[in-house]
Amino acid sequence: MPSLLVTADEARRYTVRVLEAAGHPPEDAELCADSLVESSLRGLDSHGVVSLLSVYAAAPGRPGAVPAVVEERGAAAVVDGRGALGLRTARVALEAAIRRARVLGVGVAVARNVGYLGGLWWTVLPAAEQGLVALGATNSMACVAPHGGREPLHGTNPIAFAVPCHPDPIVFDMRTNALRMADYWESVRTGAPLPDGALMTSDGEPLTDASAVDDAVYLPLAGPKGYGLALLVDVLAAALAGAPIGREVEAETERDGLAAFFLVLEPGFFGPFERFAGAVRRLADQAHATAPLDRHEPVRLPGKRSAAERRRRLAEGIPVDSRLWALHEERLAKLGLAVEGPTFTDATGAP
């Protein structure tokens, strides 16, 4: 049980302080804080403040870089991030796809020279909040072996989508490799081994030691299924954008040389929006009415648990594990960042 609590506002102010001290311009610091604090609020702690703030602090965008749409043709747009903050480039690309979808019913944008994105779900959620369907995908540094191989070919290559649904959008975000970052951080926190089938050594031997992750080869999710999806991400993002692909993506490339793909659909072009919304609502009701395997764990739609957790953490505070916080501070110290921490309370509410 985490021993500390921090309010969302306090976590946000702290996050902005750290990022500005690391060299992020104020507008980028605010954007990163939105993504990190929202992830923490929703219980997506592997992509929240404690886990990823130091990652963003270590890689501010190139000074003065401004992402821009460099080509538009029909439903398609191409965005060049120019080394700017990855989240900012993703926002420009999503907005370009939304503009085309409003006019044509479908909008597609690819972006090159993109930096690290963190939780991909956050980049597609704004479309669903505007009544649109969105799909996003991005490549990353080669660390995952293809099915049947023992050396990296592609990255974790996540895929995310967001669908409008009252009262909370359906939001889904998956990696195409087997290792969940939540499992990694739980292993760091408790010392428990990582799940079988997530990592292997370069010799092809199973690996469950979290301390050896940096030298490990990741395995694809569900074998050939994750491999196939990862290849699709490489094609949709990197190949369409003319960006480094597969093993061409290395650690130095990941700073600002990744690629992203966004597809946005305007449901009103396919029939009355009310018909679409009603169908989604009926599907949601059917999912919720499904008999659960465990009567204490009802069937949920993607994003519903995190939306409920967000409401709870806004009221009660974001829980922070004291051991993981200490590791977070060590990472900041290695970056030469000495920033006043947030005000915590314990579980009883005492400072």
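The values are calculated or read from the model by the stated rules, or taken from the named source; none is laboratory data. Every value quoted in this text rests on a predicted model; they were computed, and no experiment measured them. All Cβ positions, glycine included, derive from the backbone under ideal geometry; neighbour counts span all protein chains shown.
Right, VAL69: surrounded by 19 or more Cβ atoms within 10 Å (Cβ to Cβ), on the phi < 0 side of the Ramachandran plot and among the β-branched types (Val, Ile, Thr) or not?
No, not satisfied.
Does region 74-86 contain any residue that is part of a helix (DSSP H, G or I), touching a residue at least 24 places away in the same chain (Cβ under 8 Å), under 17 Å from THR123 (Cα atoms) and of a type outside the set (Lys, Arg)?
Yes, the conditions are met somewhere in region 74-86.
How many of the residues making up region 251-280 are assigned to a loop (DSSP other than H, G, I, E, B) and surrounded by fewer than 13 Cβ atoms within 10 Å (Cβ to Cβ)?
Of the residues in region 251-280, 2 are assigned to a loop (DSSP other than H, G, I, E, B) and surrounded by fewer than 13 Cβ atoms within 10 Å (Cβ to Cβ).
Could you please find all residues in region 13-32 being farther than 11 Å from LEU53 by Cα and surrounded by 19 or more Cβ atoms within 10 Å (Cβ to Cβ)?
Those that are farther than 11 Å from LEU53 by Cα and surrounded by 19 or more Cβ atoms within 10 Å (Cβ to Cβ): HIS24, ASP28, LEU31.
Quickly run through region 217-243 and pick out the residues that are free of Cβ contacts under 8 Å to residues at least 40 places away in the same chain and farther than 16 Å from THR176 by Cα.
ALA239
Condition check: under 25 Å from the mean Cα position of the chain (by Cα), of a type in the set (A, V, I, L, M, F, W, C), under 24 Å from GLU38 (Cα atoms) and in a helix (DSSP H, G or I). Does ALA315 satisfy that?
Yes; evaluated as a whole, the condition is true for this residue.
When you look at LEU301, is it touching a Cys at 6+ places or on another chain (Cβ under 8 Å) and under 21 Å from SER39 (Cβ atoms), yes or no?
Yes, satisfied.
Pairs under 6 Å by beta carbon, first residue without any contact (Cβ under 8 Å) to a residue 60 or more places away in the chain in region 3-15, partner buried (at least 18 other Cβ atoms within 10 Å of the Cβ) and among the basic types (Lys, Arg), six or more apart or different chains?
none
Under 9 Å between Cβ atoms, at least 6 apart or on separate chains: pull out the pairs that start in region 282-299 with a residue that is without any contact (Cβ under 8 Å) to a residue 60 or more places away in the chain and end on any residue that is charged (D, E, K, R) and surrounded by 10 or more Cβ atoms within 10 Å (Cβ to Cβ).
Close Cβ pairs satisfying both conditions: ALA287/ARG300; HIS288/ARG300; HIS288/LYS304.
Check LEU153, LEU135 and return the single one that is in contact with a Lys or Arg (Cβ under 8 Å, 6 or more places away or on another chain), in the same structural domain as GLY118 (by TED's automatic domain parsing), in contact (Cβ under 8 Å) with a residue 24 or more places away in the chain and surrounded by fewer than 23 Cβ atoms within 10 Å (Cβ to Cβ).
LEU153
Condition check ((1) at pLDDT 95 or above; (2) over 19 Å from the mean Cα position of the chain (by Cα); (3) in a loop (DSSP other than H, G, I, E, B); (4) not charged (D, E, K, R)) across all residues:
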position	(1), (2), (3), (4)
LEU117	no, no, yes, yes
TRP122	yes, no, no, yes
LEU125	yes, no, no, yes
LEU135	yes, no, no, yes
GLY149	yes, yes, yes, yes
PRO152	yes, yes, yes, yes
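Please work out which residue is farthest from the chain's Cα centre (by Cα), limiting yourself to region 156-167 and to residues that are over 18 Å from GLY223 (Cα atoms) and either surrounded by 19 or more Cβ atoms within 10 Å (Cβ to Cβ) or not assigned by TED's automatic domain parsing to the domain that holds PRO224 (or both).
This residue is PRO164.
Is one or more of the residues making up region 8-15 more than 24 Å from ALA333 (Cβ to Cβ) and either in contact with a helix residue (DSSP H, G or I) (Cβ under 7 Å, 6 or more places away or on another chain) or not assigned by TED's automatic domain parsing to the domain that holds TYR116 (or both)?
yes
Go through the residues of region 194-209 one by one and say whether even a single one is among the β-branched types (Val, Ile, Thr), surrounded by fewer than 21 Cβ atoms within 10 Å (Cβ to Cβ) and touching a Leu at 6+ places or on another chain (Cβ under 7 Å).
Within region 194-209 (the criterion being among the β-branched types (Val, Ile, Thr), surrounded by fewer than 21 Cβ atoms within 10 Å (Cβ to Cβ) and touching a Leu at 6+ places or on another chain (Cβ under 7 Å)), the answer is yes, since at least one residue qualifies.
I'd like to know if region 87-110 contains one or more residues that are surrounded by fewer than 18 Cβ atoms within 10 Å (Cβ to Cβ), within 28 Å of GLY336 (Cβ to Cβ) and within 19 Å of the chain's Cα centre (by Cα).
no
What number of residues within region 164-191 satisfy the criterion of being out of contact with any helix residue (DSSP H, G or I) (no Cβ under 6 Å at 6 or more places or on another chain), hydrophobic (A, V, I, L, M, F, W, C) and farther than 29 Å from GLY148 by Cβ?
Summing the residues that are out of contact with any helix residue (DSSP H, G or I) (no Cβ under 6 Å at 6 or more places or on another chain), hydrophobic (A, V, I, L, M, F, W, C) and farther than 29 Å from GLY148 by Cβ in region 164-191 gives 1.
So, SER322, is that one polar (S, T, N, Q) and farther than 21 Å from GLY136 by Cα or not?
Yes, satisfied.
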